[in-house]
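Values in this text are rule-based calculations from the coordinates and carry no lab data. Values in this document were obtained by computation on a predicted structure and should not be read as measured data. Glycine gets a Cβ as well: all are built from the backbone with ideal geometry, and neighbour counts include every protein chain shown.
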Amino acid sequence: MAKTKHTATGSAMTDVVLDLFRLNNRLLTAGDRLVADLGLTSARWQVLGTIVATGRSQPVAWLARDMGANRQNVQRIVNDLEKEGLVEFRPNPHHRRAQLVTLTEAGRKAFDDAMRLQAPWMNNLTEGLRVADIETTRKVITTLRRRLEGNGDAEDQA
C-alpha cells in the first residue's frame, strides 16, 4: 500500500495539532481546578462564557454552534446549570420547543468570579511570551477553524 506523504507545512501542522490536543486536555484540567471552589467545571464555565459573549438569550442549539460543540452535550450542561440556578429557560417566541437559555444573577456572579480567578492565572501562564507571537498563533488557529467550518480561505477574515 502506497503511503501518502505530508508536505512540509502538512507535517508541521500535524505536530501542532497533536500539541493542541495535549494543550486542550491540560487547559481543561487546569480550568477545572481553577473554578472547582466556585462549583464550576471548565465545561460549565465555557457555557456561561458563551452566554455572556452573545449578550442575549439563545436556544441550546445556537450555544452549541457558537461553541463548536455537540448540542446534546451542551444541553446536558445547561440542564445542570439550570438545576443549580445559574441559568433559566424562557419561552422562545420563534420556536415553541427550543427554549431560550438566560443567565441568572447567580450565573453572572459565578462567571464573574471565575474570570477574576482567570486573569492572574492567564497572566502567569503567558509570562515571557510575546503578544505578536500569540496574535500570530491565534490567526493561524482561526484560519484553520474557519476552513474546517466550511468558510473557505479565511486568512483575510482572521
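Candidates THR143, GLN72, GLN58 compared by Cα position along the dipole of the chain: farthest toward the positive end lies GLN72, with charges placed on Cβ. The helix-based estimate of mean residue ellipticity at 222 nm for the chain, built from -39,500 (n - 2.57) per DSSP H run of four or more residues and divided by its residue count, is -21500 deg cm²/dmol to the nearest 500. Taking 0.36 nm per residue of sequence separation and removing the Cα-Cα distance, the ASN124/THR4 pair yields an extension gain of 39.0 nm.
The C-alpha atoms of the chain define a longest principal axis, and helix 8-35 lies at about 30 degrees to it.
Put the Cα centre of region 82-153 next to the Cα centre of region 39-69 and the gap is 6 Å. Once both labels are positioned 7 Å from their Cα atoms along Cα-to-Cβ, the gap between GLU88 and ARG22 label points is 4.7 nm. Modelled spin-label separation between ALA132 and ALA36, with each label point placed 7 Å from Cα along the Cα-to-Cβ direction: 4.0 nm.
Per-residue extension of 0.36 nm, minus the Cα-Cα distance of LYS109 and ASN79, leaves a gain of 9.0 nm for this segment. Taking Cα atoms, how many degrees apart are the long axis of helix 131-148 and the longest axis of the chain, rounded to 10 and kept between 0 and 90? Here the helix axis deviates by roughly 80 degrees. Which of rounded, prolate or oblate describes region 5-118 when judged by the alpha-carbon gyration tensor and an a/c cut-off of 1.5? The shape class here is oblate. For the pair VAL140 and LEU117, what calculated FRET efficiency results from E = 1/(1 + (r/R0)^6), where r is the Cβ-Cβ distance and R0 = 41 Å, to the nearest 0.05? Once rounded, the FRET efficiency stands at 0.90.
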